[in-house]
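Shown next, in structure tokens, is the structure this report addresses.
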Amino acid sequence: MTTLIDLPGYLAAEQTSDTEVKAVIGVIAEACVQISRVVASGAILGNLGAAGQKNVQDEEQKKLDIITNDMLREALKACQPVAGLASEELDEIETTGRSGGFLVTFDPLDGSSNIDVNVSVGTIFSVLPAPAGREPTEADFLLPGRRQVAAGYAVYGPQTMLVLTLSKGVAAFTLSADGAWLLTHEALAVPADTSEFAINMSNQRHWAEPVRRYIDGCLKGKDGPRGKNFNMRWVASMVADVHRIMMRGGIFMYPWDAREPDKPGKLRLLYEANPMSLIVERAGGKATDGQTAILDLQPTKLHQRVPVVLGSANEVDQVVAG
Ligand code: AHG
Ligand code: MN
Ligand code: MN
């Protein structure tokens, strides 16, 4: 067996990111190891089920949403280069009393509906530059995704994996039995073509016309306008659905729908769409809200939602072309 490089070794060899970004990544990666253990212990620790309260987005929180949020929050507050943080599970930003360095946004546990049924969940994070010389405010978090200095996710599945982008490229690490992140996939590349789509089909009747047309074309298969058969997958954990696309291509969509017409979609820009879009683009894929590249959107609110279409480049182009 060849010896695999571990995360500290990978970060040390990475030339273009500064040491402080690497320190932040190291802290998040370690928190994800701890989170993987809490998630894996499930009912043994009495951590499954609802917490009996809602988050700022009016979503029922699971016990594990709160536990994992606190784990990341404590780890980041103790991390010297972090000046502020924002999370799906926190109404407002939190500052650390420090200035300069970085801001971190995160979804501590993505795929809440899957926790109690033992299907893959994950953690998503984004690292942004913090303003120098003063404590950050909420406005400082509202940076377009292109300004991210790093992004990543951990997926707690049959294997626990960490997928990272720093200054360029995307690397994936697998958690070993003794708790080390080992580099198992270098330079991930999303193939430009695919015949696999991921969308929650139960919302079909609520979609806008262009999305319906696109999916109709896929469903008609070989005999339809696309001239080939498509396969469908929907895990209902964005992390797991995007991870599949990172590994073998595909297209993922959570479009606007008419159930809540005032909301632009379900997924959140700052800690779901932006980090995932950076990872997908760095691997050669594309990510759009239907018109604009997700990474070019100017955020206006901390918990802003956005329609998301991402994955294999030629397929994303098909959707955009309408
Ligand atoms: P979260 O559990 O962090 O709130 O995110 C869940 C998101 C995303 O992971 C997934 O793609 C989507 O919700 C699934 O939504 P549906 O249950 O509507 O399919
Ligand atoms: Mn999520
Ligand atoms: Mn979540």
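Quick note: the coordinates plus some simple rules give every number you see, no bench work behind them. This one's a predicted model, so the numbers in the text were calculated from it and none came from an experiment. Note: ideal-geometry Cβ built from the backbone for every residue, glycine included; neighbour counts use all protein chains shown.
Side notes on the structure shown:
- Cα gyration tensor shape of the stretch 101-180, rounded if a/c is under 1.5, else prolate or oblate by comparing a/b with b/c: prolate
- Each part gets one Cα centre, and for the stretch 43-108 versus the stretch 172-211 those centres are 24 Å apart.
- Residues in the stretch 133-148 carry Karplus couplings, in order, of x, 7, 5, x, 10, 4, 4, 5, 7, 8, 9, x, x, 5, 7, 4 Hz; the curve used is 6.51 cos²θ - 1.76 cosθ + 1.60 with θ = phi - 60°, and Gly or Pro positions show x.
- Under 25 Å from the Cα of K263 - lysines, other chains or at least 8 residues apart: K54, K62, K286, K301
- Amide H contacts of N47 (H built 1.01 Å from N, under 5 Å, at least 5 apart or other chain): none
- Couplings 3J(HN,Hα) of the stretch 20-32, computed from phi: 5, 4, 4, 5, 4, 4, x, 5, 5, 4, 5, 4, 5 Hz, in residue order, whole Hz [Karplus 6.51 cos²θ - 1.76 cosθ + 1.60, θ = phi - 60°; x for Gly and Pro].
- Backbone phi angles across the stretch 307-320, fed through the Karplus curve with coefficients 6.51, -1.76 and 1.60 (θ = phi - 60°), yield HN-Hα couplings of x, 10, 10, 8, x, 4, 4, 5, 6, 4, 4, 4, 5, 5 Hz in residue order; Gly and Pro are listed as x.
- Residues whose amide H lies under 5 Å from that of V170, counting only those 5 or more places away or on a different chain, are A187, L188; hydrogens are built 1.01 Å from N in the peptide plane.
- Anisotropy class of the stretch 7-185 from Cα gyration tensor, a/c 1.5 cut: oblate
- Helix axis angle, 63-77 relative to the chain longest principal axis, alpha carbon, degrees: 50 degrees
- Cα centroid separation - the stretch 260-285 against the stretch 148-168, whole Å: 15 Å
- V117-Q53 FRET efficiency (beta carbon distance; Förster radius 35 Å; 0.05 resolution): 0.95
- Extension gain for D18 to A192 (0.36 nm times residue separation, less C-alpha to C-alpha distance): 59.5 nm.
- The length gained by stretching the chain between W234 and S176 to full extension, at 0.36 nm per residue less their Cα-Cα distance, is 18.1 nm.
- Helix-only [θ]222 nm of the chain, DSSP H runs n ≥ 4, -39500 (n - 2.57) each, per residue, nearest 500: -8500 deg cm²/dmol
- The chain shape via C-alpha gyration tensor axes, a/c threshold 1.5: rounded
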